[in-house]
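J.: Below is one structure. I have some questions about it.
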Amino acid sequence: QVQLVESGGGLVQAGGSLRLSCVASLRDFSSYAMGWFRQAPGKEREFVAAFRWSEPPTYYADSVKGRFTISRDNAKNTVYLQMNTLKPEDTAVYYCHAHDVMSLVEYWGQGTQVTVSS
């Protein structure tokens, strides 16, 4: 069973920064694409950032390019989302996501709330 556990959400003022973490229990990291999605109240879940574990490049939604950075620490089995210059529009529940590229099975974390005040 793949487990994804997010942390790092919270309240921050506009212009501030947060770093989200996702600890993933994956047997073979090279088999997965990893990323972050978010869902604001009343809106559909949307893509934020992602990468294939074993290779570049990274991908970002236009709304976060230049402000957010996705990264990983293989030793800690952790994916990060560094969020800088946060805007109120970034307020959402952020979800860690893993996609098994062989089986096409998807896994989701429980989400962590990010609230940006103006």
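The values are calculated or read from the model by the stated rules, or taken from the named source; none is laboratory data. What you see is a predicted model; the values in this text were computed from it and never measured. Every residue, glycine among them, receives a Cβ derived from its backbone with ideal geometry; neighbour counts consider all protein chains shown. To get the accessible areas, we keep the full protein, side chains included, count just its heavy atoms, and leave off ligands, DNA and RNA. Shrake-Rupley method; radii C 1.70, N 1.55, O 1.52, S 1.80 Å.
J.: What are the ³J(HN,Hα) values, in whole Hz, obtained from phi via the Karplus relation 6.51 cos²θ - 1.76 cosθ + 1.60 with θ = phi - 60°, for each residue of the range 24-40 in sequence order, with x given for Gly and Pro?
T.: Working through the residues one at a time gives 10, 9, 10, 6, 9, 5, 5, 8, 10, 9, 10, x, 10, 10, 9, 9, 8 Hz.
J.: Per 0.36 nm of contour for each residue apart, how much would the distance between Glu106 and Ser31 grow if the chain were fully extended, relative to their Cα-Cα spacing? Could the numbers behind the result be given before it?
T.: Numbers: separation 75, 0.36 × 75 = 27.00 nm, distance 1.17 nm.
Additional length available on full extension: 25.8 nm.
J.: Whole-Hz Karplus ³J(HN,Hα) for the range 79-89, in order, using 6.51 cos²θ - 1.76 cosθ + 1.60 and θ = phi - 60°, x for Gly and Pro?
T.: For the range 79-89, the Karplus curve yields 10, 10, 10, 7, 10, 10, 6, 5, 10, x, 5 Hz.
J.: Now, a different point. Work out the P(r) tail for the range 47-118: percent of alpha carbon pairs separated by more than 16 Å, whole number. Could you put the intermediate results ahead of the total?
T.: Numbers: 1400 of 2556 pairs.
Across the range 47-118, Cα pairs with separations above 16 Å total 55 percent.
J.: Let me ask another. Ala14 label point, 7 Å along Cα→Cβ, cut-off 19 Å on backbone N: hits in the range 98-118?
T.: Output list for this probe position: 114-118.
J.: Another question about this same structure. Among the lysines, which have Cα under 21 Å from the Cα of Lys87 when same-chain residues fewer than 8 positions away are ignored?
T.: Qualifying lysines at Cα under 21 Å: Lys43, Lys65.
J.: For the full complex of protein chains and a 1.4 angstrom probe, list Val5, Val64 by accessible area with the highest value first.
T.: Numbers: Val5 90, Val64 0 Å².
From most accessible down to least: Val5, Val64.
J.: Ignoring ligands, DNA and RNA, what accessible area per residue does the chain give at 1.4 Å, in Å²? Show your work: numbers first, answer last.
T.: Values: 6470 Å² over 118 residues.
On a per-residue basis, the chain sits at 55 Å².
J.: Val114 accessible area, nearest 10 Å², 1.4 Å probe?
T.: The accessible area of Val114 comes to roughly 0 Å².
J.: Taking +1 at the Cβ of each Lys and Arg and -1 at the Cβ of each Asp and Glu, which of Thr91, Gln110, Gly16 sits farthest along the dipole of the range 1-112 towards its positive end, judged by Cα position relative to the Cα centre?
T.: Selected residue: Gly16.
J.: Per-residue HN-Hα couplings for the range 111-116, Karplus 6.51 cos²θ - 1.76 cosθ + 1.60 at θ = phi - 60°, whole Hz, x for Gly and Pro?
T.: Working through the residues one at a time gives x, 9, 7, 10, 10, 10 Hz.
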